[in-house]
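The values are calculated or read from the model by the stated rules, or taken from the named source; none is laboratory data. Because the structure is a prediction, the values reported are computed rather than measured. As a convention, Cβ positions derive from the backbone with ideal geometry for all residues, glycine included, and neighbour counts pool all protein chains shown. All accessible areas refer to the heavy atoms of the entire protein, side chains included, with ligands and DNA or RNA removed. Shrake-Rupley method; radii C 1.70, N 1.55, O 1.52, S 1.80 Å.
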Amino acid sequence: MLNALEKFAPLPLQESWDNAGLQVGLTEADVSGVLLCLDVTEAVMDEALAEGCNLIVSHHPLLFHGIKQLTDGNMVNRCVIKAVKHDIAVVSMHTNMDNARNGVNWKIAEHMGLRNVRFMACKAVAENVEAGSGVVGELASAMAAADFISMVKERFGVKCAMCNELLERPVRKVAICGGAGDFLLDTAVEEGADAFVTGEMHYHQYFGYGQRIQICVTGHYESEQFTTEVFRDIIKSECPGVEVKTAHTNTNPILYI
């Protein structure tokens with residue numbers, strides 16, 4: 001299972017600050033069932049137990065930093081304790097899956113119906129390994145900016161999006177980066193994209209783009225919600241017969257009130 005995931009998105013593709021890969025558990029353990037999620041929380045751990053799954057595959061790593069005390073003092077520690085106590089392995093595929101071909105951003109492009117999709121910023125990682133940050137593609141037909149934003153909201157299932165002023169020209173070429181993608185905004189402009197869709201951006205980065213590009217920010221969790229579909233497809237293709245379930249627990253810590 002781990003080999004299948006890492007073959008698709010090798011760990012060297014992850015960013016230097018990341019901590020993808022096996023988080024908790026034994027590499028040779030037999031898998032009774034897999035639960036897919038974006039974040040590992042206590043509720044997700046409980047769902048795995050209830051569903052009889054002894055492997056959790058998440059997008060965001062449970063462990064970003066070293067643990068100096070293994071107590072019940074915080075959520076991460078409690079999740080680790082529960083995982084060890086109940087023999088649940090946790091694997092996270094984060095920026096390596098973001099940067100992999102047909103990974104997170106490619107799945108977003110698929111849901112938006114983009115054509116001729118390619119990496120926006122290619123990365124040189126290793127020989128014969130194709131990787132990059134973000135993707136760019138084209139809509140089947142040009143859309144007015146307001147209609148484009150409505151389409152994005154519908155595809156992502158959100159009631160609102162954070163945008164700059166409406167573009168006065170049609171939107172055809174679209175740049176995408178799931179999660180926190182504001183570092184690619186200028187690259188999207190250089191690529192000649194009419195719109196840039198991402199999960200979150202800093203306030204000051206909205207300034208100065210005016211009619212240069214249509215910014216559409218959906219929310220971090222919302223932008224990466226399709227990641228579990230990538231996991232599911234890999235596991236079903238490479239490990240047939242393994243029961244795979246997608247977590248029903250919504251782990252988004254941000255509420256729109």
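Could you please tell me the mean projected area of the C-alpha convex hull for the stretch 24-78, averaged over all directions and given in square nanometres to one decimal? Intermediate results must be reported in sequence, preceding the final value.
On the way: hull surface 16.7 nm².
Taking the Cα atoms of the stretch 24-78, their convex hull projects to 4.2 nm² on average.
Over all directions, the average projected area of the alpha-carbon convex hull for the stretch 1-106 comes to how many nm²?
Numbers: hull surface 26.8 nm².
In nm², the orientation-averaged hull projection of the stretch 1-106 is 6.7.
Out of residues 5 or more away from ILE215 or on other chains, whose amide H comes under 5 Å of its own, with H placed 1.01 Å from N in the peptide plane?
Answer set, sorted by chain and number: ASN164, PHE196.
Return a whole-number percent for the relative contact order of the chain, with Cα pairs under 8 Å and 6 or more residues apart as the contact set. Kindly include the intermediate steps, with their values, before the conclusion.
On the way: 522 pairs, mean separation 54.7, N = 257.
Rounded, it is 21 percent for the chain.
Sorted from largest down, what three extents in whole angstroms do the Cα atoms of the chain have along their principal axes?
Largest to smallest, the principal-axis extents are 58, 45, 33 Å.
Only Cα pairs within less than 10 Å get springs; with that Gaussian network setup on the chain, which residue of ALA50, ALA140, ALA109 has the largest fluctuation?
Greatest mean-square fluctuation among the candidates belongs to ALA50.
For the stretch 131-257, state what percent of all Cα-Cα pairs lands in each successive 5 Å bin, counting from 0 Å until the bin that includes the largest distance.
Here the calculated profile for the stretch 131-257 is 2, 10, 19, 21, 18, 12, 9, 5, 3, 1, 0.
Which whole-Hz ³J(HN,Hα) couplings does the stretch 75-82 yield from phi under the Karplus relation 6.51 cos²θ - 1.76 cosθ + 1.60, θ = phi - 60°, glycine and proline marked x?
4, 4, 4, 5, 5, 5, 4, 5
In sequence order, what are the phi-derived ³J(HN,Hα) couplings for the stretch 134-139 according to the Karplus relation 6.51 cos²θ - 1.76 cosθ + 1.60 with θ = phi - 60°, rounded to whole Hz, with x for glycine and proline?
Result, ordered by residue: x, 9, 9, x, 10, 6 Hz.
Per residue and in Å³, how big is the convex hull formed by the alpha-carbon atoms of the stretch 68-142? Walk me through the intermediate numbers first.
Details: hull volume 12.0 nm³, N = 75.
About 160 Å³ per residue, rounded to a whole number.
Filter the GluC sites (Glu not before Pro) in the stretch 13-99 down to the DSSP loop ones having no more than 15 other Cβ atoms within 10 Å, then list what survives. Write down the numbers at each step before the final one.
Details: sites: GLU15, GLU28, GLU42, GLU47, GLU51; in loops: GLU15, GLU28.
Qualifying residues, ordered by number: GLU15, GLU28.
Can you list the lysines whose alpha carbon is less than 17 Å from that of LYS153, not counting same-chain residues fewer than 8 positions off?
LYS107
Among VAL84, VAL117, VAL174, whose mean-square fluctuation peaks in a Gaussian network model of the chain (Cα, cutoff 10 Å)?
Among VAL84, VAL117, VAL174, the largest GNM mean-square fluctuation belongs to VAL84.
Rolling a 1.4 angstrom probe over the protein heavy atoms, how many square angstrom per residue are accessible across the chain?
Values: 12650 Å² over 257 residues.
Per-residue value: 49 Å².
Above 13 Å lies some portion of the pair distances; for the stretch 126-176, what is it as a whole percent of all C-alpha pairs? Provide the component values of the computation, followed by the final result.
Numbers: 853 of 1275 pairs.
Counting every Cα pair in the stretch 126-176, those more than 13 Å apart make up 67 percent.
In the stretch 1-58, carbon and sulfur make up what percent of the accessible area (probe 1.4 Å)? Present the calculation step by step, with values, prior to reporting the outcome.
Working: 1330 of 2620 Å².
Accessible surface attributable to carbon and sulfur in the stretch 1-58 totals 51 percent.
Of the accessible area of the stretch 144-257, with the probe set at 1.4 angstrom, what percent is carbon plus sulfur? Let's see the in-between values first.
On the way: 3100 of 5850 Å².
Answer for the stretch 144-257: carbon and sulfur cover 53 percent of the accessible area.
Read phi for every residue in the stretch 188-204 and hand back ³J(HN,Hα) as whole Hz from Karplus 6.51 cos²θ - 1.76 cosθ + 1.60, θ = phi - 60°, with x for Gly and Pro.
4, 5, 4, 6, x, 5, 7, 9, 10, 10, 8, x, 7, 9, 6, 3, 5
How big is the gap, in Å, between the Cα center of the stretch 111-181 and the Cα center of the stretch 11-29?
Using only Cα atoms to place each centre, the spacing works out to 28 Å.
Report, to one decimal in Å, the Kirkwood hydrodynamic radius for the stretch 183-257 based on all distinct Cα pairs.
Working: mean 1/r = 0.0657 Å⁻¹.
Taking the inverse mean of 1/r over all distinct Cα pairs, the stretch 183-257 comes out at 15.2 Å.
Which value, in debye to the nearest 20, describes the size of the charge dipole of the chain about its Cα centre when Lys and Arg Cβ atoms bear +1, Asp and Glu Cβ atoms bear -1, and nothing else is charged?
On the way: 20 positive and 33 negative charges, 52 e Å.
Computed charge dipole of the chain: roughly 260 debye.
Amide H neighbours of VAL31 under 5 Å, at least 5 residues apart or on other chains, H built in the peptide plane: list them.
Amide H to amide H, under 5 Å and 5 or more residues apart or across chains, VAL31 pairs with nothing.
For the stretch 47-89, what are Rg and Dmax over the alpha carbons, in angstrom?
For the stretch 47-89, the Cα-based Rg and Dmax read 10.9, 31 Å.
Run the numbers for LEU70 and GLU165: contour at 0.36 nm per residue of separation, minus the present Cα-Cα distance, in nm.
Numbers: separation 95, 0.36 × 95 = 34.20 nm, distance 4.86 nm.
Taking LEU70 through GLU165 to full extension adds about 29.3 nm, to one decimal.
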